[in-house]
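Taking it in order: structure first as structure tokens, then the write-up.
The values are calculated or read from the model by the stated rules, or taken from the named source; none is laboratory data. Everything quoted here is computed from the prediction, not taken from an experiment. Please note: Cβ atoms are built from the backbone with ideal geometry, for glycine as well, and neighbour counts cover all protein chains shown. The accessibility values were calculated without ligands, DNA or RNA, using every heavy atom of the protein model including side chains. Shrake-Rupley method; radii C 1.70, N 1.55, O 1.52, S 1.80 Å.
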Amino acid sequence: MPRSSVSFPGSSYPLHLAVALDGVGWHPAAWREQRARPDALFTARYWADLVATAESGLLDFVTIEDSLSLQSTLPDGPDGRIDRVRGRLDAVLIASRVAPLTRHIGLVPTATTTHTEPFHIAKAIATLDHVSEGRAGWRVQVSRPAENRHFGRREVGPVSLTAPEGPGVRAYVEEHFAEAEDFVEVARRLWDSWEDDAEIRDAATGRFVDRARLHTIDFEGRWFRVRGPGIVPRPPQGQPLVTLLAHGSLPYRLGARSADVIYTTPHDEDDVRAVVAEIRAAQEEAGRADTTLHVFADVVVLLGETRAAAEERAARLAERAGEPFTSDAPIFVGTASALADTLLEWQRAGLTGYRLRPAVLPDDLEAVVGALVPELRRRGVFRGSYAPESLRARLGLPRPANRYATANRPATAAR
Amino acid sequence: MTEPAQPRKRIILGAFLSGVNHHTLWSAPQAGSQIAFSSFRHLARTAERGRFDFFFLAEGLALRERLGRVFDQDVVGRPDTLPVLAALAAVTEHLGLVGTLNTTFNEPYELARQLSSLDHLSGGRAGWNVVTSFDAFTGQNFRRGGYLHRDDRYVRADEFLAATHRLWDTWAKDAIVADKETGRFLNRSDGDGGGDGGVGAFAFAGEQFDISGHFTTPRSPQGRPVILQAGVSPGGRDFAVRRSDAIFSPFHHLDEAREFYRDIQRRAARAGRPPGAVKVLPSASFVLGDSEADAVERHRHIARQQVTGRTAQILLETVWNRDLSGYDPDGPLPDIDPDPDGPPVIEGRARIHQDAHRTVAEWRQLAEANGYSLRDLAIHVFGRTEFVGTPQQVADQLDAFVQNDGSDGFILGSHLTPTGLDEFVDRVVPLLQERGALRTEYTGATLRENLGLPDPTPTPAQHPTP
């Protein structure tokens, strides 16, 4: 079937659930739990099993964390610790490796915009969309200053994230998010640089493509110029899902202008209202009021069959870690049923979904799939099966028109 | 040909998905998608069924253009190399996965972690065909534009490889202990890679790179992915033997091929590489028939379809660098001189022939001696190594080429995506297996082991301080 004619019925369930996969889980002592598999962390099997579990829970998508630097407890570089998980595989390649083994779940790897090439990332995400037949997304991320010397291509003044109010931090953040915005713009243009029907295979004229349906993108900005067209035909979704973790006004505005999903970290219902209001205002300001933009909350989840069991787990993990567990996102410790209550309350305050961060893998992922999802289904707010639809369609996002397509193309394109 | 005295060499085979070039017959009824993952899966599984060593993908980082417009006659468009190879790792078990990746429009830190990740995710089956570029046209798609001077492309590639090797070696084999009882995840906090210490620490400085910090990815199953390179000029050959595990050979005829093979072995030995450490692999194609006459006729037919009159003009334009659309493909060669220094007629494809005037002079002689038309000449000079005959004849030809040291094997393409390799695996592979020239089962755990390459674990001498 030609890609352009696939139509996907939209999902009728309003609550969206994603899971954020990071190493053996988001708790620093997670790797020491009985069922954790830290020795398998760098194998394909490990990731395939996790994503298969997430798919068995009918989740919307998984994200895969990544970074161009080692994990650290310090914001400015490695901490030299040997008691924590260190090391990562490339997230885009993990997602690609898992794609042929799954059928429905969305695959949203992290890719950094700071030292990388927009042309490379755009074609990688487009290819993930081809390989997964319309399930690809991208979590956009900017670099920390410590990553500069891994590339050695730009001068950065003395920026220390240890002192967030220190000199240069605001300028650094502004500059890197502005670059990310240009980066996403280039990727979106490259995805559109091929019209859906560019490949014509016209034996009569010997033309494989109609070059009138291929477009240069001619982007010129402060950080790069990119001519295009891309080398990858337009991805099945047209535009793969663009997502972003945001902790403040600057990234909210970037998300409001460029993203399809923003992950936020509110800590209570009032916070949810404030964050959502700010993002919706930014969305309006960006002229995207009529566009579907999801605002998710990230929640670290540490679950138990009873509240006491969950707290006991939390206490054991804290003891092993040697310090209390902290996170940028709210941490939920308790039962699946209580978690469902909170998620639905916060949803009523304006959120459209959640990206749950399992504290321990596979334990808390299995609890999400085995306890939270059935609880949400009992309450009639979550799907009971996957519809055969793209990731965008599942999130109620239309397949976007191509910005370069001409409405009234001559019957025969110029040769 | 004489019977070789040495024990029979096992033929190394790679499968090449012909995409963006005139060899692919996209208008044939059996021609499939060059983008759909199902095409890649079919070809890779076919290659694995035939016990091939690896699957191979080429690269092109800009759509080709002619006279400033996208070139529309051949297949246009391809997926990104690394994600496709990672996905193929999920649908194959033993097949090596080799991607062509450019040292000019990538940075060592990012590419080293991608290749290491592919090696982890495939259980030790990753390979990298290293290519260099100085093409300002392609540069228009990248941050630094056409920044690299032609004379610096090997400097950059050499430093790029040295840097990636250093990054791959930063994590010791036993760096991760993951002992739940003691709470020790890493073996120790210091690393081997220099820099300011800690696991993954590295520093590398040269003309092209000044980088340091910490590498994110633990040592992969192969330690280092298998490295392939092309190198024809003396400088290119010396560059290739230093760091690569296999070299493409452009030579089709046994005499030339043997001379190249011997030269590579000599240069490799001089560079301190152990015997057998550098394999020689020409790209090749095949046409089978039920009889020899049938195969020859099929070959002729396929070649005429691949090189249409229009395609012939364009192939010659890559050397003439002039608009040749007014010349009759069935007539004599264009009577005008090439214009190598003029504005480029064709953009975005590698220039194989560096001296246009000399090449044209040679072609004129060739055409005169054989009575070639413009199109005949294009078919002749732009063809790949073709093995044509019955399955038995093709098996004989391939085996003789390798046993007589024309190469160590072949990277095989076909004119049909994705089913072109099917008949080779069905009809030729069993014959090669019968005579012991091809494995019947995979014996190695990694691509490196299947290719019979030595363990690349570094010795300190291999990482002198730059």
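List of remarks:
- Hits in the range A:80-93 - residues which are more than 15 Å from B:Glu110 (Cβ to Cβ) and at the interface with chain B (Cβ under 7 Å from one of its Cβ atoms): A:Gly80, A:Ile82, A:Asp83, A:Arg84, A:Val85, A:Arg86, A:Gly87
- Among the residues of the range A:39-53, those that are in a helix (DSSP H, G or I) and either without any contact (Cβ under 8 Å) to a residue 24 or more places away in the chain or within 9 Å of chain B (Cβ to nearest Cβ) (or both) comprise A:Asp39, A:Ala40, A:Ala44, A:Arg45, A:Tyr46, A:Trp47, A:Ala48.
- Against the test of being assigned by TED's automatic domain parsing to the domain that holds B:Arg224 and small (Gly, Ala, Ser), the options B:Ala268, B:Ala303, B:Ala312 yield a single qualifying residue, B:Ala268.
- Residue check, B:Arg41 outside any loop (DSSP other than H, G, I, E, B) and in the same structural domain as B:Val429 (by TED's automatic domain parsing): yes
- Test: A:Val275 is open to solvent by less than 60 Å² (accessible area, probe 1.4 Å), of a type in the set (Val, Ile, Thr) and not in a helix (DSSP H, G or I): no
- Contact map, the range B:42-56: first residue at negative phi and open to solvent by 10 Å² or more (accessible area, probe 1.4 Å), second residue among the acidic types (Asp, Glu) and part of a loop (DSSP other than H, G, I, E, B), Cβ cut-off under 9 Å, separation 6 or more or different chains; pairs are B:Glu48/B:Glu93.
- Residues (touching a Phe, Trp or Tyr at 6+ places or on another chain (Cβ under 6 Å) and either touching a residue at least 60 places away in the same chain (Cβ under 8 Å) or within 29 Å of A:Thr113 (Cβ to Cβ) (or both)) located in the range A:192-213: A:Asp192
- A single member of B:Ala203, B:Ala178 is surrounded by fewer than 20 Cβ atoms within 10 Å (Cβ to Cβ), touching a helix residue (DSSP H, G or I) at 6+ places or on another chain (Cβ under 6 Å) and either assigned to a helix (DSSP H, G or I) or outside the structural domain of B:Leu61 (by TED's automatic domain parsing) (or both), and it is B:Ala178.
- Elements of type helices (runs of 4 or more DSSP H) in the range B:383-456, at least 3 residues being without any contact (Cβ under 8 Å) to a residue 24 or more places away in the chain: none
This table checks each residue for (1) part of a strand (DSSP E or B); (2) more than 10 Å from every other protein chain (Cβ to nearest Cβ); (3) open to solvent by less than 10 Å² (accessible area, probe 1.4 Å); (4) without any contact (Cβ under 8 Å) to a residue 12 or more places away in the chain.
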site	(1), (2), (3), (4)
A:Thr216	no, no, no, no
A:Arg222	no, yes, no, no
A:Gly228	no, no, yes, no
A:Thr243	yes, yes, yes, no
A:Pro251	no, yes, no, no
A:Gly255	no, yes, yes, no
A:Tyr263	yes, yes, yes, no
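- Those residues of the range A:119-137 which are within 17 Å of B:Val91 (Cα to Cα) and facing another protein chain (nearest Cβ under 8 Å), in sequence order: A:Thr127, A:Leu128, A:His130, A:Val131, A:Glu133
- Taken over the range B:77-106, the criterion of being more than 8 Å from chain A (Cβ to nearest Cβ) and β-branched (Val, Ile, Thr) is satisfied by B:Thr81, B:Thr92, B:Val98, B:Thr100, B:Thr103, B:Thr104.
- Test: residue in the range B:219-228 that is modelled with pLDDT under 90, crowded, with 19+ Cβ neighbours inside 10 Å and among the polar types (S, T, N, Q): no
- Selected residue [over 25 Å from A:Tyr404 (Cα atoms), within 14 Å of chain B (Cβ to nearest Cβ) and crowded, with 20+ Cβ neighbours inside 10 Å] from A:Glu195, A:Glu155, A:Glu147, A:Glu199: A:Glu147
- Subset of the range A:312-366 [outside any loop (DSSP other than H, G, I, E, B), under 21 Å from the mean Cα position of the chain (by Cα) and in contact (Cβ under 8 Å) with a residue 60 or more places away in the chain]: A:Leu343, A:Trp346, A:Gln347, A:Gly353, A:Tyr354, A:Arg355, A:Leu356, A:Arg357, A:Pro358, A:Asp364, A:Leu365, A:Glu366
- Considering the range B:109-161, and only residues there that are part of a helix (DSSP H, G or I), open to solvent by 10 Å² or more (accessible area, probe 1.4 Å) and acidic (Asp, Glu), the residue that is farthest from A:Val98 (Cα to Cα) turns out to be B:Asp151.
- Identity of the residue in the range B:25-38, of a type outside the set (Ser, Thr, Tyr) and either touching a Gly at 6+ places or on another chain (Cβ under 7 Å) or outside any loop (DSSP other than H, G, I, E, B) (or both), that ends up farthest from the other protein chains (Cβ to nearest Cβ): B:Gln34
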